[in-house]
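Contents: one structure, followed by commentary.
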Amino acid sequence: MPARRVLLYLVLAGLLARILYLHQVAALPFFQDPVGDSALYLQRAREILGGDLVGSRPFFYGGIFYPYLIALSFLVFGPNIYAICLAQAGAGCALAWILFRLARVGLVDRRPGDAATAGLLAAGMALFYGPFAFLEADLLMISWTLLFMMAAALLLLAGRDGSLARLTAAGVCLGLAASERPNLIALVPAAAVWAWVFVPKVRRWKGAAALVAGGGFVLAGAAALNAAACGRPVLLTTSSGINFYIGNHPGARGTYEEPWSGADAHFTARHTDLEASSLMMARRLSGQELDPVEASRFWWSRGLQYLRSHPAEAFRLYLRKLMLFWNAQEIPNHLNFSFVRSVAPSLWLMPLSFAIIGPVGLYGLVAPSARRMMTRPAASLLCILVLVPMATVLPFFVAERYRAPVVPPLILGAACGALDLWRMLGSPLTRRSATLRLACVGLAALAMTRPLTSFDASRDHWLLAQAHKKQGDLGEAARRYEQALAAAAAPTDQALLRNNLGVVLEQSGDASRAEAQYRKAIQADPTLAFPHKNLGLLLMRAGRANEAFDHLVAAERAEPEDIDLARALAVALLVRGETASARAHAVKVLAALPEDRTAAEVIRAAQRATPP
């Protein structure tokens with residue numbers, strides 16, 4: 001059967017599997033109301049559709065052009081996330097085709113049909129690699145980033161004759177990839193060096209310059225958008241500083257975790273958006289009114305200071321990051337791959353994992369017998385596409401979508417490695433050597449599957465609970481919060497979950513169970529303000545002002561600007577006969593809400609109770 005027909009069948013099978021998975025994911029409550037980076041992209045896309053084309057501040061999250069794609073999808077297909085995710089599934093299939101073409105262009109036929117066979121293997125691996133489908137069904141740009149990066153690789157190999165048009169287009173593709181993953185900017189000069197080496201001598205300098213110009217054009221566009229938004233130059237994002245500090249601070253473990261989460265649980269719970277929380281914390285620690293660009297510089301300086309003052313600890317940390325990078329775990333900083341696969345089991349239709357692609361891909365790139373299947377330019381380019389993204393991620397922190405750019409070149413290596421091992425196993429002369437090599441690859445895969453970090457499973461149920469609550473399904477929200485509680489270990493997480501469960505129960509009309517959950521939350525973490533506030537307000541509504549008072553005071557210490565607390569305390573203080581304090585709190589409420597009836601009534605009552 002012709003290779004192109006086999007490829008067509010593979011693509012159709014991969015697309016069908018993706019559609020089945022997307023159908024299941026779309027039924028989850030958070031699909032149309034996403035969280036984290038996805039929520040910010042969605043918000044920005046709506047602003048664009050509303051006429052705000054440049055925004056009012058420099059872009060924080062990677063992917064400055066991605067909201068425009070979402071806006072275009074909404075304009076054409078309506079405000080439905082399904083359409084853009086379906087397009088991303090198509091991008092995943094296009095990536096498989098590009099890998100097939102790369103094999104045909106960059107591999108040599110040691111035996112008839114080797115390049116085509118390796119291309120089909122690479123396409124099949126990409127189509128049935130589970131994390132790709134997982135990322136395509138999320139409102140993130142990473143699927144397009146992988147497509148642009150490997151399209152650049154194809155254009156580079158096709159442009160070895162010195163074609164300035166192809167090399168410029170390759171630079172544009174690398175620039176688009178870097179617009180989402182800023183660490184990939186390093187691929188532009190690396191690819192320029194590659195072009196200088198492999199393009200014919202008469203066109204070396206022009207070819208390298210054309211590639212840099214293509215990448216620079218895209219990056220200049222991103223910088224221009226940021227400049228139009230804030231009036232000052234920002235290349236891509238203002239998140240690089242805090243991302244660097246997340247990966248380089250006392251207590252860093254190489255994965256995503258807010259650096260202040262251990263020391264200030266209430267701040268972490270109160271401010272869940274990294275853009276806002278990192279800016280607020282930078283201002284608090286510096287004692288200055290920093291803007292986003294200055295805050296990013298502040299975090300860079302803090303991270304570099306840590307590296308300078310703790311060299312041995314930093315060395316161990318970077319060694320751990322390297323091990324995490326090559327570990328089979330899909331480390332989340334958004335949605336959890338393993339959890340989503342448990343609630344959307346169609347993801348199992350794409351069973352390949354990094355535990356297979358990683359070791360086989362490394363074998364294909366390192367073993368001389370497998371590398372002989374590649375042309376020298378192709379082998380060098382694949383190594384660049386693995387080493388540069390890896391080296392530029394390690395200064396930050398490891399997550400599944402930050403590692404994703406190395407997977408497509410590893411897949412090509414894995415296709416060559418698998419074909420090489422198969423050929424060697426088929427020959428009596430090399431069977432013994434192949435068996436030994438296969439055993440080494442298997443041992444490497446086994447080592448990669450050893451977990452190096454654990455994930456808080458409660459956060460996945462927490463996410464579903466919040467989504468069910470937003471949709472008004474309070475019963476299902478309560479059930480998910482209870483599942484989250486069963487998985488939560490940290491006292492602060494227990495406290496937050498019990499507080500949220502109490503809110504859901506109170507909204508459902510079960511005040512007694514809500515009160516019990518608030519009290520258990522306070523027992524778990526007395527420093528957290530939310531359960532004190534919610535218990536105090538519940539007791540006030542029940543007419544138990546004296547019981548509520550201490551809890552309201554405890555909450556006010558952490559949230560002095562909370563108007564609901566000020567109003568409740570004004571009433572509680574009035575009941576206790578502390579008219580002057582009651583009046584002061586009521587005045588505070590009226591300063592923020594001049595029409596507030598409760599505060600006005602407290603002032604009148606305090607005046608009547610005050611002797612002339």
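Bear in mind that the values in this text are calculations on the coordinates, not laboratory data. On a predicted model such as this, the values are computed, not experimentally measured, just so you know. Positions of Cβ are generated from backbone atoms using ideal geometry, with glycine treated the same way; all protein chains shown enter the neighbour counts.
Hey, which aspartates and glutamates would be in cross-link range of residue 201, C-alpha to C-alpha under 13 Å, not counting anything within fewer than 8 residues on its own chain?
161
List the aspartates and glutamates whose Cα sits under 14 Å from the Cα of residue 533, skipping any in the same chain fewer than 8 residues away.
506, 515, 525, 547, 550, 556, 559, 561, 562, 564
Using the C-alpha gyration tensor of the chain, what are the square roots of 5 times its eigenvalues, in whole angstrom, with the largest one first? Walk me through the numbers on the way to the answer.
Working: eigenvalues 554, 140, 100 Å².
Here the semi-axes work out to 53, 26, 22 Å.
Would you mind ranking 365, 174 so that the residue whose beta carbon has the fewest other beta carbons within 10 Å leads the list? Walk me through the numbers before you get to the answer.
Values: 365 22, 174 32.
The order, fewest Cβ neighbours first, is 365, 174.
If amide H atoms are built 1.01 Å from N in the plane of the peptide, which residues on other chains or at least 5 residues away come under 5 Å of the amide H of residue 374?
Residues meeting the amide H criterion: 108.
Go through 554-563, 346-355 and give me the packing order, highest mean Cβ count within 10 Å leading.
Details: 554-563: 16.3, 346-355: 18.0.
So the peptides 554-563, 346-355, ranked by packing, come out 346-355, 554-563.
Counting other beta carbons within 10 Å of each residue's own, what order do 360, 293, 366, 234 fall into, fewest first?
Working: 360 27, 293 17, 366 12, 234 21.
Lowest to highest Cβ neighbour count: 366, 293, 234, 360.
Normalised by the number of residues in region 508-612, what is the relative contact order in percent for Cα pairs under 8 Å and 6+ residues apart? Can you show the working numbers first?
Numbers: 118 pairs, mean separation 18.8, N = 105.
Relative contact order of region 508-612: 18 percent.
Taking the mean number of other Cβ atoms within 10 Å as a proxy for protection, how do you rank 80-87, 95-102 from highest to lowest?
Values: 80-87: 18.1, 95-102: 25.5.
Output ranking for 80-87, 95-102: 95-102, 80-87.
I need 321, 201 ordered by Cβ neighbour count within 10 Å, fewest first.
On the way: 321 22, 201 8.
Fewest to most other Cβ atoms nearby, the residues stand as 201, 321.
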